[in-house]
Amino acid sequence: MNIVENIQEAATYIGSKTKIRAKVGIVLGSGLGALADALTEATAIAYEDIPHFPRSNVKGHKGKLIAGKFENVPILVMAGRVHAYEGYSAADVVFPARVMVTLGARNLVLTNAAGAVNAAFKPGELMVITDQLNLTGLNPLVGPEHPELGHRFTDVSSAYHPAHIETCDKAARRIGLTLRKGVYAGLLGPSFETPAEIRMLRTMGADAVGMSTVLETIAAHQMRARVLGISCITNMAAGILQQKIDHREVMEVGARVSSVFLELIGSLLPDLTK
């Protein structure tokens, strides 16, 4: 079977387990798993039960796809994602996002935990991604061409959909939340960046840095889906403060921000597919 057949088989299996037909899919980053627990009419499917689905072993990623409703809006939620640093290929990393789009979720909200490269940012803030730097050295469009997924030479000049960014701004204003905006740099990981690398990223125009999202965004664009990216700033990047970076800090800040994140998503969802 080729990748298109694998995607369709996974989508068919998921569709057989739930009556939810969602136009929005959400990928939850480290520490932001509370949304998965807040769904109603929910059906949770373990990644290991879905044909061809990769499995995450990172702490803070539950490894379940949940179909349900939030604020009465039907959505698909990935509680956890896989990363290239776990040994997965770029095609594996984006496979779940491709499946969600195939199921009809043509609006993707990709979230992540990120370190602040911009020294004006603070842990606990949310940043709407306006553009990205793919510095992973990988691209999910490499390999055999599959026209069913879209054009190989995909235009990502508007990687994050301008209308979705505006919708997110309006949703934040309704709840009195101030959002940061900026460029997200995606690196391979899993080691955190050095102070010299952070200086390089700042020179390149990055505002935040992480180890996910950029590959999913490229694959979503190939399939003509609309992407909204939201980073939870969980720590200051290396060299900004005189302290070590710890994944536990990432998880703790993500958990503290969960209530604000849920409120933003609740305000955002009704307008996301208009």
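Summing charges over all other residues whose Cβ lies under 14 Å from the Cβ of Asp49, with Lys and Arg as +1 and Asp and Glu as -1, gives +2.
Chymotrypsin sites (Phe, Trp or Tyr not before Pro), restricted to the stretch 120-199: which are DSSP loop and have at most 16 other Cβ atoms within 10 Å? Those that pass, being in a loop and sparsely packed, are Phe153. With 32 Å as the limit on Cα-Cα distance, the pairs of Lys62/Lys170; Lys17/Lys170; Lys64/Lys274; Lys17/Lys181; Lys23/Lys181 that go past it are Lys17/Lys170; Lys17/Lys181. As a rough footprinting exposure proxy, the listed residues Ser16, Ser158, Ser212 were ranked by other beta carbons within 10 Å of their own, and the order from fewest upward is Ser16, Ser158, Ser212. Residues Met236, Met127, Met78, arranged from fewest to most other Cβ atoms within 10 angstrom of their Cβ, appear as Met236, Met127, Met78.
Using just its DSSP H runs of length 4 or more, each adding -39500 (n - 2.57), the chain gives a mean residue ellipticity at 222 nm of -10500 deg cm²/dmol after division by all residues. Taking every DSSP beta bridge that has both ends in the chain, the antiparallel portion is near 35%. Were the residues from Arg21 through Arg224 laid out at 0.36 nm apart, the gain over their Cα-Cα distance would be 71.2 nm.
Restricting the stretch 145-236 to GluC sites (Glu not before Pro) that sit in a DSSP loop and have at most 15 other Cβ atoms within 10 Å of their own Cβ leaves Glu145. Check the straight Cα-Cα distances from Lys122 and name the aspartates and glutamates below 14 Å, setting aside those fewer than 8 residues away within the same chain. By straight Cα distance, Lys122 reaches Asp207, Glu249. Taking θ as phi - 60° and the Karplus parameters 6.51, -1.76 and 1.60, the scalar couplings of the stretch 219-235 work out to 5, 5, 5, 4, 8, 6, 8, 9, 10, 10, x, 10, 9, 8, 6, 9, 6 Hz in sequence order, x denoting glycine and proline. In plain terms, the residue of Leu138, Leu269, Leu133 with the fewest other Cβ atoms within 10 Å comes first and the most crowded comes last, giving Leu133, Leu138, Leu269.
Computed 3J(HN,Hα) for the stretch 4-18, one whole-Hz value per residue from the Karplus formula 6.51 cos²θ - 1.76 cosθ + 1.60 where θ = phi - 60°, is 5, 5, 5, 4, 5, 5, 5, 5, 5, 4, 4, x, 6, 9, 8, glycine and proline marked x.
Cα centroid separation, the stretch 120-182 to the stretch 1-47: 20 Å. Between the C-alpha center of the stretch 219-235 and that of the stretch 75-105 there is a gap of 12 Å. Would you work out the relative contact order for the chain, in percent, from Cα pairs under 8 angstrom that are 6 or more residues apart? Reported relative contact order: 26 percent. Of the residues Ala67, Val156, Leu138, the one whose Cα sits farthest towards the positive end of the charge dipole of the stretch 3-272 is Ala67 (charges of +1 on Lys and Arg Cβ, -1 on Asp and Glu Cβ, taken about the Cα centre).
Here is the list for the stretch 44-86: GluC sites (Glu not before Pro) lying in DSSP coil, each with at most 16 other C-beta atoms within 10 angstrom of its C-beta, are Glu71.
Coordinate-derived values only; no laboratory data. All values reported here derive from a predicted model rather than from experimental measurement. Cβ atoms come from the backbone with ideal geometry, glycine included; neighbour counts cover every protein chain shown.
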